[in-house]
Amino acid sequence: MRGGCAGLRPRPRREHLELSAGLSHVLVQHKVRRARAGDPHCAERAPRLRDASTLPFLQYVVTLAVVEAAQALARDMLTTAGVADVGPHPLELRIKWPNDVYGRGLKVGGVLCGSTHSDGFFRVTVGVGLNATNAEPTTCVAALIQAAAAAAGAPPGALPPLSREALLAAVMGRYEALEARFVGEGGFEGLRESYLSHWLHTGQQVTLLEPPHAEVRLTIRGLARSGYLLAEDERGGLCELHPDGNSLDFWKGLIRRKVSV
């Protein structure tokens with residue numbers, strides 16, 4: 001709110017969600033850079049939350065927004081170009097828990113969130129890196145769209161080049177809609193199924209090494225209420241999977257905690 005009335009909180013400092021598009025690698029910055037005047041690839045967003053328990057889920061909301069926005073933009077581009085039978089998810093674009101975006105098995109983006117607390121609010125800095133247009137040495141959103149067009153039988157050159165500005169606008173628009181639900185509904189539960197429909201892990205088999213030398217085989221079933229992975233052992237018992245904080249390979253450094261249904 002603007003104005004100088006007593007008792008009103010000052011306007012929060014605005015932070016920036018930045019898409020470093022067109023790079024061959026993903027740039028995700030925890031510290032915020034001030035957007036340069038006229039920079040078309042920077043956008044402002046500064047979520048404020050009261051409930052600390054919702055903080056871990058904000059990265060899921062942002063990652064979901066990136067994937068859904070890219071899918072929607074691709075669908076619009078394909079439909080406009082006359083490609084028939086475009087499904088709701090034309091791109092091979094998926095979420096790798098907790099906050100990475102993968103296309104055809106290769107990383108094309110990621111999300112990083114940091115928070116500070118003051119005046120009863122958590123102020124969250126959101127950084128997003130997304131490879132929009134550089135197909136080498138891995139892949140990018142533009143290449144995924146072209147691959148979807150070719151798979152649908154579209155002739156070469158049927159689609160215009162991907163616009164970074166259009167992609168940024170799509171991500172921000174989708175994020176605002178999802179954030180409104182996230183805040184309005186008091187948490188992530190209403191978005192859980194959408195997130196899981198886009199991720200890579202349902203049914204994934206993982207093996208934990210537990211002292212002294214025991215191997216425990218688990219199957220990923222979803223997200224626990226805490227936001228960690230929910231897994232099932234061979235006897236049907238459920239547990240949360242947490243990173244141990246020491247392993248460079250996340251999936252080789254998991255520890256479990258039993259949970260009740």
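Residue-wise test of (1) outside any loop (DSSP other than H, G, I, E, B); (2) out of contact with any Leu (no Cβ under 8 Å at 6 or more places or on another chain); (3) within 30 Å of R50 (Cα to Cα); (4) in the same structural domain as D51 (by TED's automatic domain parsing).
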{"residue": "G190", "(1), (2), (3), (4)": "yes, yes, yes, yes"}
{"residue": "L209", "(1), (2), (3), (4)": "yes, yes, no, no"}
{"residue": "L218", "(1), (2), (3), (4)": "yes, no, no, no"}
{"residue": "R221", "(1), (2), (3), (4)": "yes, no, yes, no"}
{"residue": "E232", "(1), (2), (3), (4)": "yes, no, no, no"}
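Yes or no: segment 154-173 includes at least one residue that is outside any loop (DSSP other than H, G, I, E, B), assigned by TED's automatic domain parsing to the domain that holds L91, touching a helix residue (DSSP H, G or I) at 6+ places or on another chain (Cβ under 7 Å) and of a type outside the set (G, A, S). Yes, because at least one residue in segment 154-173 is outside any loop (DSSP other than H, G, I, E, B), assigned by TED's automatic domain parsing to the domain that holds L91, touching a helix residue (DSSP H, G or I) at 6+ places or on another chain (Cβ under 7 Å) and of a type outside the set (G, A, S). Report yes if some residue within segment 116-138 is closer than 28 Å to D51 by Cβ and either in a loop (DSSP other than H, G, I, E, B) or not assigned by TED's automatic domain parsing to the domain that holds T80 (or both); otherwise report no. Yes, that holds for at least one residue. Restricting the first member to segment 49-62 and to residues that are buried (at least 22 other Cβ atoms within 10 Å of the Cβ), and the second to residues that are hydroxyl-bearing (S, T, Y), the beta-carbon pairs closer than 7 Å and six or more apart or on different chains are Y60/Y195; V62/Y175.
Every residue, every condition in (1) surrounded by 12 or more Cβ atoms within 10 Å (Cβ to Cβ); (2) under 30 Å from A147 (Cα atoms); (3) modelled with pLDDT under 90; (4) not hydroxyl-bearing (S, T, Y), yes or no:
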residue: P160; (1), (2), (3), (4): no, yes, no, yes
residue: R174; (1), (2), (3), (4): yes, yes, no, yes
residue: S197; (1), (2), (3), (4): yes, yes, no, no
residue: P211; (1), (2), (3), (4): no, no, yes, yes
residue: E215; (1), (2), (3), (4): no, no, yes, yes
residue: L218; (1), (2), (3), (4): yes, no, no, yes
residue: L229; (1), (2), (3), (4): yes, no, no, yes
residue: P243; (1), (2), (3), (4): yes, no, yes, yes
residue: K258; (1), (2), (3), (4): no, no, yes, yes
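In segment 1-110, counting only strands (runs of 3 or more DSSP E) that sit wholly within it, the ones holding 1 or more residues that are modelled with pLDDT under 90 span 16-18, 42-44.
Consider segment 199-209 and keep the residues that are closer than 30 Å to V124 by Cα and surrounded by fewer than 16 Cβ atoms within 10 Å (Cβ to Cβ). The one that is nearest to the chain's Cα centre (by Cα) is L200.
Tell me, yes or no, whether segment 73-88 has at least one residue that is touching a Ser or Thr at 6+ places or on another chain (Cβ under 8 Å) and not aromatic (F, W, Y). First the steps, then the outcome.
Within segment 73-88, the first condition is being touching a Ser or Thr at 6+ places or on another chain (Cβ under 8 Å), and the residues that meet it are 86.
From what's left, not aromatic (F, W, Y): 86.
Yes: one or more hits.
Within segment 212-224, the presence of a residue that is under 21 Å from I255 (Cα atoms), touching a residue at least 40 places away in the same chain (Cβ under 8 Å) and of a type in the set (G, A, S) is excluded. Suppose we filter segment 72-84 for residues that are surrounded by 19 or more Cβ atoms within 10 Å (Cβ to Cβ) and in contact with a helix residue (DSSP H, G or I) (Cβ under 8 Å, 6 or more places away or on another chain); how many remain? Adding up the residues that qualify gives 5.
The values are calculated or read from the model by the stated rules, or taken from the named source; none is laboratory data. Here the structure is a predicted model, which is why all the values come from computation and not from measurement. All Cβ positions, glycine included, derive from the backbone under ideal geometry; neighbour counts span all protein chains shown.
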